[in-house]
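One structure below.
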């Protein structure tokens, strides 16, 4: 009888332990966040709406909105992977940027969005720790990728700022250090597309032909200029560095226009009135074309352009003989080729 009682007790204990283990597993699964929550505070405004925006191709798109009550707001949802997002009120000129991941995040926005503090978000430790330095001269993107090869924010910095700074071979070498786990990341996918396009517009390659409407809506093709030296000038009215470089391009055009040279302006504008006004204000008297699609314009993408001002110099046979020629370097190149 005693022996049977001991066996019964052991059986009961095993059942209890199994139930406790199952409960622990269930609790653990439930405690893991199935999505994200944002508990936010903002200095100003204390009331109104705030918008959660996703980032794509240098642009932000509204995904959700929330009411601000007494300086507080909330968002919840789910993302497939950590990606760059922004929070913006009507009063803010530009979204406060951060990486959204499936955790419970505490967010504090200060100084009209110029400062954003993120708590309980591992990816934002990397993003915020490098956001300001990544746009500064001398930033070592190779070191960042080597240290964080699985980080989406490190991949973002490479895609966002260094596709137009690094020589193609260096860009490919740094890209190769990203972990294969990031192959599905949109920043890595776009980076690979840019690399493929850059390979087609290196020195010695024939410039890809394209057709865009001019300021009067008439279709103009690059091939229309075959037989001339052409500077394809990528710019936009909203781009301060472009506007600062325009007088230099004007000077080059005036000096060499009688030596079989011209400029073809390709604008990344989206507002036709502002585009036309900038052409007039800056006295840009050459041919101008644009599809007014901003960064979604197909022609800059065709040439792997990720920052403006940017340009490509082609010879009368359509062969690329120069890229990203600025200031005196532009004049030196024209002097060399247009003797």
Shape call, the stretch 214-295: gyration tensor on alpha carbons, a/c limit 1.5: oblate
Whether the stretch 126-199 is rounded, prolate or oblate, judged on the alpha carbon gyration tensor where a/c under 1.5 counts as rounded: oblate
Folded to 0 to 90 degrees: helix 152-161 orientation relative to the chain principal axis, Cα: 10 degrees
Net length gained if the chain between residue 94 and residue 108 were fully extended (0.36 nm per residue, minus Cα distance): 3.5 nm
Added length on full extension, which subtracts the Cα-Cα distance from 0.36 nm per residue, residue 219 to residue 283: 20.8 nm
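Order 165-174, 144-153 from most to least packed using the mean count of other Cβ atoms within 10 Å.
The densest-packed peptide leads the list: 144-153, 165-174.
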Options [x] 147; [y] 185; [z] 243 - which one matches volume of the Cα convex hull per residue in Å³ as calculated here: [y]
Residue order, fewest to most surrounding Cβ atoms within 10 angstrom, among 235, 295, 275: 295, 275, 235
Cα gyration tensor, the stretch 30-117 - rounded (a/c under 1.5), prolate or oblate: oblate
Contact order normalised by residue count of the stretch 211-337, Cα under 8 Å, 6+ apart, percent: 33 percent
Inter-label distance, nm, simple model (7 Å from Cα along the C-beta direction), residue 177/residue 209: 4.2 nm
Gap separating the Cα centres of the stretch 231-266 and the stretch 123-160, nearest whole Å: 33 Å
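Any read-out appearing in this document is the output of simple, stated calculations on the displayed coordinates, not a laboratory observation. All figures in this text were calculated on a predicted structure; none of them were measured in a lab. For neighbour counting, all protein chains shown are included, and Cβ atoms are generated from backbone atoms with ideal geometry for every residue, glycine included.
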